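Let me begin by presenting the structure, written as structure tokens, before commenting on it.
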Amino acid sequence: MDTLITTLYSIPVVGLVLQFVGYLIEVIPTISPFILQAATPIALAALCAVLCERSGVVNIGIEGIMISAAFVGWYAGVLAGPILGSSPSIAFGITPTLAFALLAAILAGVLISALHAWLSISVRADQIISGTIINIAAFGLTGYLNSLISRTSPVSPGSLSRFRPPDELVDIPVVGWIFNMLLNQGPIAMSLIFIVIVLQVLLFRSRWGLRTRAVGEHPKAADTVGIDVFRIRYLNVIVAGGLAALGGAYLSMEGTSSFQEGMTTGRGFIGLAAMIIGRWSPLGAFGAALLFASTTAVGQSMKIAPPEGDLGIMLDAIPGQFFDAIPYVVTIIVLAGVVGRTVPPAADGLPYQREGAT
Amino acid sequence: MTGKASVQNGASSPASRLSAAARRAWAIVAMPLISILLALVAGAFVMIVSLMLNGQPLDVGLVVRAYGALLEGSFGSTDAAVDSVVQSTPLILGGLAVGLAFKAGLFNIGAQGQFLLGALGAVAVGVALKGSPVPLAIAGALAAGSLAGALWGFIPGALKALSGAHEVVTTIMLNYIALGVVAWAVSGPLDTPVSLEPLTDDVGNAALPILIGRNGHAGIIVAFLAVAAVWWLLERTTIGFEIKTVGANPDAARYAGMHPRRMVALTMALAGALAGLAGTVVLLGVTRNMGVPYATTVGFDSIAVALLARSNPVGIVFSALLFGAMRAGAPLMSLRTNVPDQLIDVIQATILLFLVANVVIRRVLRLRGVEGSLGGTATITKSYGGEVTVR
């Protein structure tokens, strides 16, 4: 077996590809929990985008909602820490402080999303401009407040901790790593799959889902049969804001235990790309987020623990910054390859106005 | 402005001509001015509330002291005023980069990345030519910077033209990739062994000469030439007419025999060149070498500059001066009153919020005959949602 592999690996060019496949097979089980963690904020951003665009509202401000939620969650924890305390909890290290902080983060996301909803649905402003301004405002305000607060050396409220699946489950050959990926997670990452499935079912099998899609495809027809276009759009954009906020809260409360300026690093926009690649469906968006997360995880793994042999020597020559840029490069390439063959909701980005109304 | 307008309309009486011109001027500048005033009020509110949250006592005088220091820092002395102009220089170029793209119905959020690549191109060639004659060194570095920026703008333009990938996502991704490219180049091939931190050599003879005051470099001339060039391109050339037609309605432009795809790629490359030039003048005129990270707020300030000026090249000069002056004055404000520099970001974003909600502001304040649109941004969301395509 080993000699066969050595022979295969030494074939020119093809051997390198085989070495890479071998590396993936070897490394993916060990980094699998990290893949789901990297996918969580991207997938939540993508789900937010799916809900918004399916009802006909383009939301570029997801990045801003995420950074705001990340900040508010962390700061609410800092403020509430001394009052609510960190009495040990039943599971996931959820203290009263962190529960309060999570609620505050989601509330912040909902409020900002409501602003975007108002600007794009009622004011009928250009939705991409409105979203961009929300991004600029969110980065400005969180940066301002963060530099103000960091002077008082705030005490971190801690973070949500990971569940440790039993070793018997993880050690099952061949499929054990999948359990490790799904269960060796904090509460937000673990609930992601549940959220994806629920949204997928609701969007395509429920009355709300049908109405959402109708409003996004043909608001006039929906209005004619008595669906309140404005109400559905407000509802979707605001609920979606809560999802993006959960993604932001993940960054400062589960992935790390502190807030850093600009810590979303484009995940809201990668989420938008995931939505397009996933063809505006929750399940597809989740799959695309997993794809982006895998490239991130494998890239980091190649940077930190490069494979042995020729491939490793080649990768060693590539500067580390290249591996950090992988998610962005992959996003552009996949987006350019997929767009054009996908069809967005017909009324995406178009404000609705009743006939005769001013 | 008013005098010129009254000369052109010979028929009516001088008084009515003057009042008509004044009404026209008011219609254009009212909304931006009101937004700026409201944003300053909102900034004051943020200042007071945030400092109270931070455990300091209620202090209304703080607002006066902070804004006073901001004003003094931007116009209080000759050096301060020159510094305001220096800070405005890249914003004029960046504002043109975003504004020109708006004219073609494109949203260039990538000015940040194009700025960085421009600075990188300028430092690479500037260092290589640092011993050459001054005009050659400067010309070479300027050309390299604008070319590098043009390349970084051309990529999303070509991607949109060929595949339809929307520039709002691709330019943001390229901003992050630009950070990586700069980090690699400055810590790798361009690094000098002299310092411990990654840092390039000085650009030597490629540095822009100081013309006025302590740091008033020649880049300001480059910026004003660019304003004239963009104005000329948009108002006096066929290409400019095509750019604006494609921006207004790509489908109509195609039926008229124009080439929306070519225009999209070309406009993004030109926009990239302008943003790259912004990075070039900062590098050659201010920092003269490059470290990591090469911190800048020019990319996002440029969006604000272009939106406030409704993408008008002359308006961009004024809005760039406003934001440049704020950036120049912010350090003194921060020093005197402990209000963080980033208050400028908050004020800037609030100005934009009021502009985007202009319908509401006009209704609440009962303003009639005031222009409210952000200008040239109509097709951006439509091309995102597939309502119009550039193909």
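A few comments on the model shown:
- Of the numbered criteria (1) within 13 Å of chain B (Cβ to nearest Cβ); (2) not in a helix (DSSP H, G or I); (3) not hydrophobic (A, V, I, L, M, F, W, C), the one A:Gly299 fails is (2).
- Every residue from the range A:299-328 that is among the hydrophobic types (A, V, I, L, M, F, W, C) and crowded, with 19+ Cβ neighbours inside 10 Å: A:Met302, A:Leu311, A:Phe323, A:Ala325, A:Ile326
- Filtered by the rule that a residue be β-branched (Val, Ile, Thr) and surrounded by 13 or more Cβ atoms within 10 Å (Cβ to Cβ), the range A:334-358 gives A:Val334, A:Val338, A:Val339, A:Thr342.
- Residue in the range A:122-132 that is out of contact with any Asp or Glu (no Cβ under 7 Å at 6 or more places or on another chain), hydrophobic (A, V, I, L, M, F, W, C) and more than 13 Å from every other protein chain (Cβ to nearest Cβ) present: no
- Subset of the range A:118-131 that is part of a helix (DSSP H, G or I) and either at pLDDT 90 or above or not β-branched (Val, Ile, Thr) (or both) - its residue that is surrounded by the fewest Cβ atoms within 10 Å (Cβ to Cβ): A:Ser122
- So B:Arg65, is it of a type in the set (D, E, K, R), in a helix (DSSP H, G or I) and either loosely packed, with under 14 Cβ neighbours inside 10 Å or at pLDDT below 90 (or both): no
- Unique match (being acidic (Asp, Glu) and within 13 Å of another protein chain (Cβ to nearest Cβ)) among A:Glu261, A:Glu254, A:Glu308: A:Glu261
- Residue in the range B:102-109 that is within 11 Å of chain A (Cβ to nearest Cβ) and part of a helix (DSSP H, G or I) present: yes
- Only a single criterion out of (1) surrounded by 15 or more Cβ atoms within 10 Å (Cβ to Cβ); (2) over 24 Å from the mean Cα position of the chain (by Cα); (3) away from chain B (no Cβ under 14 Å) is not satisfied by A:Ser87, namely (1).
- Subset tally (residues that are without any contact (Cβ under 8 Å) to a residue 24 or more places away in the chain and either in contact with a helix residue (DSSP H, G or I) (Cβ under 6 Å, 6 or more places away or on another chain) or among the hydrophobic types (A, V, I, L, M, F, W, C) (or both)) for the range A:318-342: 11
- The lone exception for B:Leu283 - which of (1) modelled with pLDDT of 95 or more; (2) closer than 30 Å to B:Ala39 by Cα it fails: (2)
- The range A:331-345, residues that are assigned to a helix (DSSP H, G or I) and either on the phi > 0 side of the Ramachandran plot or more than 9 Å from chain B (Cβ to nearest Cβ) (or both): A:Ile333, A:Val334
- Residue in the range A:70-90 that is farther than 30 Å from A:Ile149 by Cα and not in a helix (DSSP H, G or I) present: yes
- The range A:146-175 - residue that is assigned to a helix (DSSP H, G or I) and either crowded, with 17+ Cβ neighbours inside 10 Å or in contact with a Gly (Cβ under 6 Å, 6 or more places away or on another chain) (or both) and, of those, modelled with the lowest pLDDT: A:Val170
For every residue, the table says whether it meets (1) out of contact with any His (no Cβ under 9 Å at 6 or more places or on another chain); (2) among the hydrophobic types (A, V, I, L, M, F, W, C); (3) over 30 Å from B:Gly216 (Cα atoms).
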| site | (1), (2), (3) |
| --- | --- |
| B:Val49 | yes, yes, yes |
| B:Met52 | yes, yes, yes |
| B:Asp59 | yes, no, yes |
| B:Val64 | yes, yes, no |
| B:Leu70 | yes, yes, no |
| B:Ser74 | yes, no, no |
| B:Ala80 | yes, yes, no |
| B:Val86 | no, yes, no |
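- From B:Ser319, B:Ser302, B:Ser311, residue being in contact (Cβ under 8 Å) with a residue 24 or more places away in the chain, small (Gly, Ala, Ser) and assigned to a loop (DSSP other than H, G, I, E, B): B:Ser311
- Within the range B:334-347, restricting attention to residues that are under 16 Å from B:Gln87 (Cα atoms) and assigned to a helix (DSSP H, G or I), the residue that is nearest to the other protein chains (Cβ to nearest Cβ) is B:Asp345.
- Residue within the range B:213-223 that is outside any helix (DSSP H, G or I), small (Gly, Ala, Ser), within 22 Å of the chain's Cα centre (by Cα) and more than 24 Å from B:Ile380 (Cα to Cα) present: yes
- Check on B:Ala328, within 19 Å of the chain's Cα centre (by Cα) and not in a helix (DSSP H, G or I): no
- Among the candidates A:Leu102, A:Leu107, A:Leu115, residue that is surrounded by fewer than 24 Cβ atoms within 10 Å (Cβ to Cβ) and away from chain B (no Cβ under 14 Å): A:Leu107
- If you go through the range B:142-183 and keep only what is surrounded by 24 or more Cβ atoms within 10 Å (Cβ to Cβ), more than 16 Å from B:Ala275 (Cβ to Cβ), more than 7 Å from chain A (Cβ to nearest Cβ) and not charged (D, E, K, R), you end up with just B:His166.
- Residue check for B:Leu117: in a helix (DSSP H, G or I) and more than 19 Å from B:Ile221 (Cα to Cα): yes
- Restricting the search to helices (runs of 4 or more DSSP H) fully inside the range A:191-291 and requiring at least 1 residues that are within 25 Å of A:Ala104 (Cα to Cα) gives A:229-250, A:267-277.
- Yes/no for B:Gly55 being part of a helix (DSSP H, G or I), among the small types (Gly, Ala, Ser) and either surrounded by fewer than 15 Cβ atoms within 10 Å (Cβ to Cβ) or within 25 Å of the chain's Cα centre (by Cα) (or both): no
- Lone qualifier among B:Thr350, B:Thr296 - being hydroxyl-bearing (Ser, Thr, Tyr) and part of a helix (DSSP H, G or I): B:Thr350
- Criterion: more than 13 Å from chain B (Cβ to nearest Cβ) and not basic (Lys, Arg) - qualifying residue of A:Asp348, A:Asp316, A:Asp324: A:Asp316
- B:Thr379 at the interface with another protein chain (Cβ under 8 Å from one of its Cβ atoms), assigned to a helix (DSSP H, G or I) and at pLDDT below 95: no
The values are calculated or read from the model by the stated rules, or taken from the named source; none is laboratory data. On a predicted model such as this, the values are computed, not experimentally measured, just so you know. Cβ coordinates were reconstructed from backbone atoms using ideal geometry, including for glycine residues, and neighbour counts include every protein chain displayed.
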